[in-house]
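Down below is the structure, laid out as structure tokens.
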Amino acid sequence: MKTSIQKRSTQQEGFTLVEMMITVVILGIMAAVAVPTYNKFITRAREGEASQNLAKIADGARIYFFKEHLDNNGIVLSPRFPGATTTWYRNPSTNPCPGGVSKYAKNLAAWQQYPWDELNFSLTTSHYFRYMYKYDAASGSRGPRYDIRAVGDMDCDNTRSTFRLRGELDNATGEIQRIPVTVTNEGE
């Protein structure tokens, strides 16, 4: 009977230093691409809050405008948006990044005030933006209009993103025309 002699391998198994260095370089390149993309994705998601909430406030202003309102004597008032003219209503009352935190804590009571309750708008969770609303009465041939803004500072660097949505009554058609959202410092 023949015996088979197995040769033992004298080579070590594992990775060489060069292979490890190449792997680290590839991972570094992937991280360099992935981290900024991820940060941009997070910022866009946060900014989606502003656009959606501006639309909700504008919808509330439109509904309020076309709803019949009576004065104390029961006389029907002319159509109007909620709020006193030329007064900015701000909620929350503090600027973005209170205490160095980019997110505002939820505060249901703050949204149950004029004009937010008339706009049928409130935030039931924490949020990244401060919301502002103003109504201007009709002037000359121009109909009444509203101006809504969302102001946020995503990274507390004192650079603020501002989203603005305006609407105005078209006297010819009787419809409220929305002016598309404008953004200042998007993705700050």
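The values are calculated or read from the model by the stated rules, or taken from the named source; none is laboratory data. Values in this document were obtained by computation on a predicted structure and should not be read as measured data. Methodologically, a virtual Cβ is constructed for each residue, glycine included, from the backbone with ideal geometry; neighbour enumeration extends over all protein chains shown.
With the requirement that a residue be touching a strand residue (DSSP E or B) at 6+ places or on another chain (Cβ under 9 Å) and either at pLDDT below 90 or over 11 Å from Ala61 (Cα atoms) (or both), what does region 106-120 give you?
Selection gives Lys106, Asn107, Ala110, Trp111, Gln113, Tyr114.
Looking only at region 121-153, which residues are part of a loop (DSSP other than H, G, I, E, B) and in contact with a strand residue (DSSP E or B) (Cβ under 7 Å, 6 or more places away or on another chain)?
Once the filter is applied, which keeps residues that are part of a loop (DSSP other than H, G, I, E, B) and in contact with a strand residue (DSSP E or B) (Cβ under 7 Å, 6 or more places away or on another chain), region 121-153 yields Ser126, Tyr128, Phe129, Ala137, Gly143, Pro144.
If we scan region 83-98, do we find a residue that is in contact with an Asp or Glu (Cβ under 7 Å, 6 or more places away or on another chain), touching a residue at least 12 places away in the same chain (Cβ under 8 Å), on the phi > 0 side of the Ramachandran plot and in a loop (DSSP other than H, G, I, E, B)?
Yes; the residues of region 83-98 include at least one that is in contact with an Asp or Glu (Cβ under 7 Å, 6 or more places away or on another chain), touching a residue at least 12 places away in the same chain (Cβ under 8 Å), on the phi > 0 side of the Ramachandran plot and in a loop (DSSP other than H, G, I, E, B).
I need the full set of residues from region 137-174 which are exposed (fewer than 14 other Cβ atoms within 10 Å of the Cβ) and of a type outside the set (S, T, N, Q), in order please.
Listed by number, the residues that qualify are Gly140, Arg142, Asp155, Cys156, Asp157, Asp170, Ala172, Gly174.
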